[in-house]
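Right, one structure below, let's go through it.
The values are calculated or read from the model by the stated rules, or taken from the named source; none is laboratory data. On a predicted model such as this, the values are computed, not experimentally measured, just so you know. Virtual Cβ from ideal backbone geometry, glycine too; neighbours counted across all protein chains shown. Ligands, DNA and RNA are stripped out before the accessible areas are found, and what is left, the full protein with its side chains, is counted by its heavy atoms. Shrake-Rupley method; radii C 1.70, N 1.55, O 1.52, S 1.80 Å.
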Amino acid sequence: MSAEPFLPTPSTAPRFGVWLIGARGSVATTAIAGCAAVAAGLHPATGMVTETEPFTSCGLPSLSSLVFGGHDTLDCPLPKRAEHLADGGVLPHGLPSAVHAELVAADREIRPGGPTPGAPAPSQEALIDAFASDIRDFVRRQDLAGAVVVNVASTEPAPTDDTLPPSSLYAAAALRAGCPYVNFTPSTGLHHPALAALAESSGLPYAGRDGKTGQTLLRSVLGPMFLQRALAVRAWSGTNLLGGGDGAALADPAAAAAKNAGKERVLVDTLGAAPEGEVHIDDVPALGDWKTAWDHIAFDGFLGARMVLQTTWQGCDSALAAPLVLDLARLAARAQQKGLSGPLSELGFYFKDPVGDGPSSLAEQYAQLRAFAGRLRDDEGAAAEDGVRR
């Protein structure tokens, strides 16, 4: 592996930037380290849909062409953060040292996010300008063909007034810098009413929100099953136990409410109405990046027979999210190359609360995503037909 993997040379293919909001968090660190590991052949691309057919033939940027940077309010260097994740079993032992050069290169491209502590608070317009300038400088300095901004920061509460929350400031900055925007979090981002006109006039593709990695992924499969088998769901309750940064952020009831809204939407969209029951999120710091999610589903069968389905999902949020972040960055970059703009509803496969109009069933969303791969290919017409046939 090259000691300087991101230095441009005349013979290399175009390179694309991935600007991560929350660039020193667990998801971002896992995505950066994982991209380097897969590109170098150290690990397989498990969990990356874009490394399967038909996506491998639709002109997506290669993993080796991706250059990382971002904003964060934390100052823990990426190599140190990767070591912490390896100690917690999130990254394989030895991987942080194997991709040390890539982590250092990405860390050099991380800029402070938010107002400077102790300094007078700048205006929202000034912050948007500053963030956009950071992104443009990154693209220019690295001689990139373009960049995609992906929000992987901790969940923020929904806004209660007209003030733009941090996620919306970064979203506005992404569009101002001419970059596609992906919101992998439940935070407001481009959903703020004040940004509707900007999103529409930008001519840029965007996608989100709230990555679908565990409990809701399962709900998007089970919900249609109950509907298609004409089984009446009486109640659907859930509990999440998690630690790490997400656990701490979601200990705030307002942030948890923003997170749960996407989980509820999946059930409403698939079942036609929200069944009884709630989702509870408990912060358990000792769990770190690992999460356990339980669902208890009460349903009626023939002649009113009462039955129950219980599920348990245990997984590592960072390891589940990171390959999806890489998928989305590549898909959004290619969409811009193909001249697409506006909400990318075809990427609803990845989200709890997707933009635009589209199906809620995971199977239908996957079919739509495969058809989207056809639109991204250079032989667009034939590819679209192929996607429909499959």
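The base-10 log of I(q)/I(0) for the chain, evaluated at q = 0.10 Å⁻¹, reads -0.64 [Debye formula, identical scatterers on Cα atoms, solvent excluded]. Rolling a 1.4 Å probe over the protein heavy atoms of the chain, with every protein chain left in place, gives an accessible area that is 56 percent carbon and sulfur.
Close amide H pairs (under 5 Å, H built 1.01 Å from N) link residue 23 with 71, 72, residues at least 5 positions away or on another chain. The spacing between the stretch 17-77 and the stretch 125-183, judged by their C-alpha centroids, is 18 Å. In the chain, the longest principal axis of the Cα atoms and the axis of helix 380-389 are about 30 degrees apart.
Rolling a 1.4 angstrom probe over the protein heavy atoms with all chains in place gives the chain an accessible area of 43 Å² per residue. Based on the convex hull around the alpha carbon atoms, the stretch 28-137 presents an average projected area of 8.8 nm².
Relative to the dominant Cα principal axis of the chain, helix 362-376 is inclined by about 30°. Helix 26-39 and the longest principal axis of the Cα set of the chain meet at an angle near 70°.
Taking Lys and Arg as +1 and Asp and Glu as -1, the other residues whose beta-carbon sits under 9 Å from that of residue 209 total -1. Take every Cα pair under 8 Å whose residues are at least 6 apart in sequence, average their separation, divide by the length of the chain, and the relative contact order is 19 percent.
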